[in-house]
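Remarks on the structure that follows.
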Amino acid sequence: MQHYLTPDLCDAYPELVRVLEPMFSNFGGRDSFGGQIVTLKCFEDNSLVREQVDLDGTGKVLVVDGGGSLRRALLGDMLADKAAKNGWEGLVIYGCVRDVDALAQTGVGIQALASHPLKTDKRGVGELNVVVAFAGVTFHPGEYLYADNNGVIVSASPLTQPA
């Protein structure tokens, strides 16, 4: 498991990184994560999140544009456990999560806006691997994301943690 320090990555690659506005909190059991981006766009419906965490996520980070909704949780303990078991490095959710005490025990990184106890509707609505934008950054599928307790950064190419 690779450990990333976003300040060091920003110092080493200032021309390559895009830094998200500081609005995310760490809810996962890993305080640092990084990998290739898979994007989802969904609003108060986590059907596609459920589908993706069931797949092999080795080396990948799921970036979920939940429209910034603070009314429903797009991720809970069961889906986080699936993500960890299927090798996902982490998830960045522009929306809410729930079951926060359990999330902190899972082997996956999770950054989200807030916690909310209400689950989403399951309507099968959403888009996979589309360009999404939030927190002042545009995310393209296949780019790379790195996160720790300092913040979240994105790069078009993979970055190596400086020694």
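What about residue 116, is it modelled with pLDDT of 95 or more and touching a strand residue (DSSP E or B) at 6+ places or on another chain (Cβ under 6 Å)? Yes: the conditions hold for residue 116. Of all residues in region 35-54, those that are within 15 Å of residue 110 (Cβ to Cβ) and of a type in the set (S, T, N, Q) have Cβ atoms under 9 Å from Cβ atoms of residues that are assigned to a helix (DSSP H, G or I) and open to solvent by less than 20 Å² (accessible area, probe 1.4 Å), 6 or more apart or on another chain, in 46/79; 52/83. Being loosely packed, with under 13 Cβ neighbours inside 10 Å and among the polar types (S, T, N, Q): is that true of residue 157 here? Yes; evaluated as a whole, the condition is true for this residue.
Close contacts from region 116-145, counting a first residue that is under 16 Å from residue 46 (Cβ atoms) and a second that is surrounded by 11 or more Cβ atoms within 10 Å (Cβ to Cβ) and of a type in the set (Phe, Trp, Tyr), with Cβ to Cβ under 7 Å and a gap of 6+ residues or different chains, come to 132/139. If you go through region 6-51 and keep only what is touching a His at 6+ places or on another chain (Cβ under 8 Å) and not polar (S, T, N, Q), you end up with just 37.
When restricted to residues that are within 15 Å of residue 76 (Cβ to Cβ) and open to solvent by 70 Å² or more (accessible area, probe 1.4 Å), region 36-50 contains 1. Residue count for region 1-31 satisfying the condition of being of a type in the set (D, E, K, R) and open to solvent by less than 50 Å² (accessible area, probe 1.4 Å): 1. Checking 56, 45, 65 one by one, the residue that is modelled with pLDDT of 95 or more, over 27 Å from residue 158 (Cβ atoms) and among the charged types (D, E, K, R) is 45 and no other.
The values are calculated or read from the model by the stated rules, or taken from the named source; none is laboratory data. What you see is a predicted model, and the numbers here were worked out from it, not measured in a lab. Every residue, glycine as well, gets a Cβ built from its backbone with ideal geometry; the counts of neighbours run over all protein chains shown. Keep in mind that these areas ignore ligands, DNA and RNA; they rest on the heavy atoms of the full protein, side chains included. Shrake-Rupley method; radii C 1.70, N 1.55, O 1.52, S 1.80 Å.
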